[in-house]
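Structure, as structure tokens:
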Amino acid sequence: MVNIQVEGGVSTRRVDARRNYDRIVDVMEELVRFTVLLRPHAEQLVDRYSERVDGDRPVVVASDILASIDRALVTQACKS
């Protein structure tokens, strides 16, 4: 329920359930698209500097990360 201020007082009306449902579906579709697009890059997205330092793993330079993303994009474009 949503309270709406009108001249004579407060009126109460229901928000259109269909509009809310449509918004939720839109957001879920975008989440799925985002997940599918980023899935090939999951390893890079969850790789944290502090964990690399604590685990004595090499710290990757940003240009190396960007180069690997570029390679992945080229590979995906060639498959399409």
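Every number in this text was worked out from the coordinates using simple rules, so none of it is lab data. Predicted, not measured: the structure shown is a model, and the values here were computed from it. A quick note on method: Cβ atoms are made from the backbone with ideal geometry, for glycine too, and the neighbour counts reach across all protein chains shown.
If each of residue 36 and residue 75 carries a label point 7 Å out from its Cα toward its Cβ, how far apart are those two points in nm?
2.0
What is the sum of charges, Lys and Arg at +1 and Asp and Glu at -1, for the other residues whose Cβ falls under 13 Å from the Cβ of residue 40?
Working: positive: 39, 71, 79; negative: 43, 70.
Around residue 40, the surrounding residues sum to +1.
For the range 24-35, what does the Karplus curve 6.51 cos²θ - 1.76 cosθ + 1.60, with θ = phi - 60°, yield as ³J(HN,Hα) per residue in whole Hz, taken in order and with x for Gly and Pro?
These are the phi-based 3J(HN,Hα) values: 5, 4, 4, 5, 5, 4, 5, 4, 5, 4, 4, 5 Hz.
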